Structure formats: C-alpha cells, structure tokens
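> Let me begin by handing over the structure; questions about it come next.
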2 protein chains.
Amino acid sequence: VSAPTCAACDRKWPPERLRIGDLGLTVAYLNEDQFLPGWTIMVLKRHATELHQLSADERHGLVDELSRLAQALGDEYTAAKMNYELLGNQVAHIHWHVIPRRPDDPAPRAPVWTVEHAPRRLDDAKAAARITSLQGRLGL
Amino acid sequence: VSAPTCAACDRKWPPERLRIGDLGLTVAYLNEDQFLPGWTIMVLKRHATELHQLSADERHGLVDELSRLAQALGDEYTAAKMNYELLGNQVAHIHWHVIPRRPDDPAPRAPVWTVEHAPRRLDDAKAAARITSLQGRLGL
C-alpha cells in the first residue's frame, strides 16, 4: 500500500545515497544532517501513519527492528543513551528518528531539536564510510 | 528490578495526582505541562533504559500499550497526528512521551520541544476531569 502524495512512498525522501539497508519491514538511512554522528532514519516500507494502523505482528516486527538498529548505533557511536522518535509532523508516513546521544554531545540532556547548530552534510566518501561500517555491524 | 537513584523507580516522578492508570507493563500519567492538551507519559514499571534490554515479549507488549494509548489519545483530542518519543536524556528509565498534535496546534509541523509557550499546569479538578475521561475511553 502506498499513498500518491507521500514523499516516502514516492522515494523522494530519504535520499538513496544515504541508504544503509533493508531491515525487513523497514529500510534504514543515515540522516542528511550528521551534526550528531549516527543520526539514522528508519522508514516503514508500506504506507501507514500511526501504530494502531499496523497489525500486531507488524508492530512487533517494527519495534524489534527499531531495537536492533538502536543497539547497533549505540555500539557504533558509544552512545550514553539512544533517542527514538516517531513524529511524522511533516512526512506522516511512519519513520523513526534513531539518534545516538554521546557524552560529548553539545547538549546531552536536551531533545535534539532544540540544539542550535550548523547542519553537517557529509560528502559522498564520508557518508559511504559511515554506511559501510554500520552495514558491517548490522550484518547487511 | 529497580535502580536506587532513579526518579521513576523511586516514584518521585511522574506525580501521583496525574496518574491515568495501569496498562499492563506500563503506567500512564498526564504530563504536568498541558499546553498541548492530552500530552501523556507512559512509564515502564520495571527499570530498563533501552529497548534491547527488554525481552522480545516485553518489547511487543510495550509497543502494543503505546499503540493502544496513542489511539485513545488521538480519538479523545481529535489529533491530526500522534507523536511518540522515547528519549530518557534526563530520566533514563524507559518512558514514552505520547502527544496528540491537533490541527489548531501552535506549530503543528514542529517537534513539541521547539514550541515556545507558557507552561500550562492544570488545577486538581481540571486534571481529574481530563484523567477520568481518558480512563473511560481506555476502559480503566
């Protein structure tokens, strides 16, 4: 099931160059802005906008993939805490922001959205290196 | 399992007057600041800080309770979108912010943390009315 005006269903977002890999029900992508290293987006393959629209099996698979991805990101980036956010205020299609919070974070006690910063977009080589390392950790 | 210095395990937070009810693995509380009506906190009963520390059964139960609560809040507050956030940057003990985003929200496209506002603390009667209505909807 896809929705005609959905940027995720139309594959307009996230950009393909940031694709980490297929986790089963979802696909993981490095977030464009890497000011917090390892910020990842995990997108449900089919179109849905709320958890209750999923079957119980889908919901369980979704949270297991979220857990697996977060554990890998936490290990890779030596996170003190992981943040898991399903918002959808701009793109309603179910996608999780999975964000390692490191002890040397500019504001480790604050939500990421309030941290003022210059966006950090990686060049292709740096993005690919980050992605390859995560693929190895995830066995993808 | 509880942690000796954890505000959630010590029952110092969230405040008991805001308790909505027991969902099984978790307990739901109205958020102290109700500037966005229906903002709710769903706290895991046992101490854990990351999803991968839970058994698969616990993780599945957790996401089912999250889904059930979010659906009830979405209906009660006629939300255009629900936000689901597991952060733990200040209190690491697993708790979800479950937030109805309404079309008349001051900034419906933005994360709640960036919305400047005067905190809105309900008096006891208003908080109790909100809680009673949610308990009815959840069958608690």
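> Given axes a ≥ b ≥ c from the Cα gyration tensor, I'd like to know whether region A:1-52 is rounded (a/c under 1.5), prolate (a/b larger than b/c) or oblate.
Because a/c hits 1.5 or more and a/b exceeds b/c, region A:1-52 counts as prolate.
> While we're on this one: Tell me, what % of the accessible area of the protein assembly as shown is carbon and sulfur with a 1.4 angstrom probe?
Answer for the protein assembly as shown is 51 percent, counting heavy atoms of protein chains only.
> Right, another one. On C-alpha positions alone, give me the angle between the axis of helix A:124-138 and the longest principal axis of chain A, in degrees, nearest 10.
Taking Cα atoms only, the helix is inclined about 70 degrees.
> How large is the accessible surface per residue of chain B, computed with a 1.4 Å probe and reported in Å² as a whole number?
44
> Taking only Cα atoms, what is the 0 to 90° angle, nearest 10, from helix A:56-76's long axis to the longest principal axis of chain A?
The helix A:56-76 is inclined about 10 degrees to chain A.
> List the lysines whose alpha-carbon lies under 18 Å from that of B:Lys45, not counting same-chain residues fewer than 8 positions away?
Within the straight-line cut-off, B:Lys45 pairs with B:Lys12.
> Could you work out the percent of alpha carbon pairs in region B:1-106 separated by over 16 Å, rounded to a whole number?
Roughly 56 percent, once rounded to a whole number.
> Using a 1.4 Å probe on protein heavy atoms, which residues of region B:59-107 have at least 40 Å² less accessible area in the complex than alone?
B:Arg59, B:His60, B:Val63, B:Asp64, B:Ser67, B:Gln71, B:Lys81, B:Tyr84, B:Leu86, B:Leu87, B:Asn89, B:Gln90
> At the nearest 100 Å², what buried accessible area, both sides summed, do you get for B and A when the probe is 1.4 Å?
Result for this pair: about 3000 Å² buried.
> Using a Förster radius of 51 Å, what is the FRET efficiency between A:Ala107 and A:Asp10 based on their Cβ-Cβ separation? Nearest 0.05, please.
0.90
> Calculate, for B:Asp33 and B:Glu58, the FRET efficiency according to 1/(1 + (r/R0)^6) with r their C-beta to C-beta distance and R0 41 Å; round to the nearest 0.05.
0.90
> From the label point of B:Pro15, set 7 Å from Cα along Cα→Cβ, how far away are the matching label points in the other copies, in nm, ordered shortest to longest?
Output for B:Pro15: 4.7 nm, nearest copy listed first.
> Can you pull out the trypsin sites (Lys or Arg not before Pro) in region B:102-140 that DSSP calls coil and that have at most 10 other Cβ atoms within 10 Å?
B:Arg109
The values are calculated or read from the model by the stated rules, or taken from the named source; none is laboratory data. Remember, predicted model here, so these are calculated numbers, not experimental data. Virtual Cβ from ideal backbone geometry, glycine too; neighbours counted across all protein chains shown. Side chains included, ligands, DNA and RNA excluded: accessible areas come from the protein's heavy atoms. Shrake-Rupley method; radii C 1.70, N 1.55, O 1.52, S 1.80 Å.
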